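The values are calculated or read from the model by the stated rules, or taken from the named source; none is laboratory data. What you see is a predicted model, and the numbers here were worked out from it, not measured in a lab. Positions of Cβ are generated from backbone atoms using ideal geometry, with glycine treated the same way; all protein chains shown enter the neighbour counts.
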């Protein structure tokens, strides 16, 4: 059994255990394998195990991987890093999901640039649950209004909420911030928006995220190992 296979199976077991502890169906939580900074060969190895959804932080790096893995046509590529306005066109063409919409301007550019011969781009509203000034994301209080505006744009499909809480080992603090993200999701649902995805939780806090209702967890280090630095 390869290193990747052991790690991937352990990640699925961890998700299953957390779902069981929360009284949830294991199948209600999707695994997004965060492959940023890792080479195409690593993605190919994890793909061979059955993984299809991969998360990337950097637009150019992702495009280069997509070219190297062009034969794997059923990969689902998610952009999970901050998106600069000048790269919106590239992102609209290259990704299946963009999880980091934090202002209407970015969404409008993605909508205008999404190729008409492709399915609408799936998007999530990124929320800054900890309201840290250096962190990307819309303030929780502004999330519903932004979600409504994004939902009206053509060539985009609003799917839900994404967030990256502050790094802390305090499980109570983790759950408090995940609860804020869940509340934003619930507010969108209550307003009649067709949301189905709550993307939160990473290698260090996946259990707390699942306990608070995550439907997608983003695991990188737990699958691929220690991360290397990369530039976009």
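Against the condition part of a helix (DSSP H, G or I), under 17 Å from residue 120 (Cα atoms) and free of Cβ contacts under 8 Å to residues at least 40 places away in the same chain, how does residue 41 come out, does it pass? No, not satisfied. Identify all residues within the stretch 164-190 that are touching a strand residue (DSSP E or B) at 6+ places or on another chain (Cβ under 9 Å) and assigned to a loop (DSSP other than H, G, I, E, B); write none if there are none. If the condition is that a residue be touching a strand residue (DSSP E or B) at 6+ places or on another chain (Cβ under 9 Å) and assigned to a loop (DSSP other than H, G, I, E, B), then 164 is the only one that fits.
So residue 186 ticks every box in (1) buried (at least 24 other Cβ atoms within 10 Å of the Cβ); (2) closer than 20 Å to residue 22 by Cβ but one. Which box is left unticked? Failing condition for residue 186: (1).
Within the bounds of the stretch 51-63, is there any residue that is modelled with pLDDT of 95 or more, under 23 Å from residue 213 (Cα atoms) and in a helix (DSSP H, G or I)? Checking the stretch 51-63: not a single residue is modelled with pLDDT of 95 or more, under 23 Å from residue 213 (Cα atoms) and in a helix (DSSP H, G or I).
Sort through 109, 89, 118, 114 and tell me the only one that's modelled with pLDDT of 95 or more and either crowded, with 22+ Cβ neighbours inside 10 Å or touching a strand residue (DSSP E or B) at 6+ places or on another chain (Cβ under 7 Å) (or both). The match here is 114.
Taking (1) under 28 Å from residue 43 (Cα atoms); (2) surrounded by fewer than 19 Cβ atoms within 10 Å (Cβ to Cβ); (3) modelled with pLDDT under 95 in turn, residue 196 satisfies each apart from (3). Scanning the stretch 14-33 for residues that are closer than 22 Å to residue 57 by Cβ and in a loop (DSSP other than H, G, I, E, B) yields a count of 1.
Consider residue 204 carefully, then state whether it is within 15 Å of the chain's Cα centre (by Cα) and assigned to a loop (DSSP other than H, G, I, E, B). It is false that residue 204 is within 15 Å of the chain's Cα centre (by Cα) and assigned to a loop (DSSP other than H, G, I, E, B). For the stretch 138-163, the candidate set comprises residues that are in contact with a helix residue (DSSP H, G or I) (Cβ under 9 Å, 6 or more places away or on another chain) and part of a loop (DSSP other than H, G, I, E, B); within that set, the residue that is surrounded by the most Cβ atoms within 10 Å (Cβ to Cβ) is 153. When the stretch 66-86 is limited to residues that are in contact (Cβ under 8 Å) with a residue 12 or more places away in the chain and more than 18 Å from the chain's Cα centre (by Cα), the one that is farthest from residue 159 (Cα to Cα) turns out to be 68.
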